[in-house]
């Protein structure tokens, strides 16, 4: 049986895929969360982040299983 990789938390995706490559800290991005809801940080949608969270939760539940 092959070894399964651990679930990836959405915060890790944010950090490793979006923040690190453009050299931004979470503190630099925080003001974006206070803007109008129509303004999307990194041109993503709330659904994108919710889908990542749901997938993470499902994988964790399966691991605890």
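The values are calculated or read from the model by the stated rules, or taken from the named source; none is laboratory data. Since we're looking at a predicted model, the values are computed, not measured. Here the Cβ positions follow ideal geometry from the backbone for every residue, glycine too, while neighbour counts run over all protein chains shown.
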Residue count for region 21-38, restricted to those that are loosely packed, with under 11 Cβ neighbours inside 10 Å, at pLDDT 80 or above and part of a loop (DSSP other than H, G, I, E, B): 4
Pairs with Cβ under 9 Å, 6+ apart, first in region 53-65 and closer than 12 Å to residue 6 by Cβ, second assigned to a helix (DSSP H, G or I) and at pLDDT below 95: 56/10
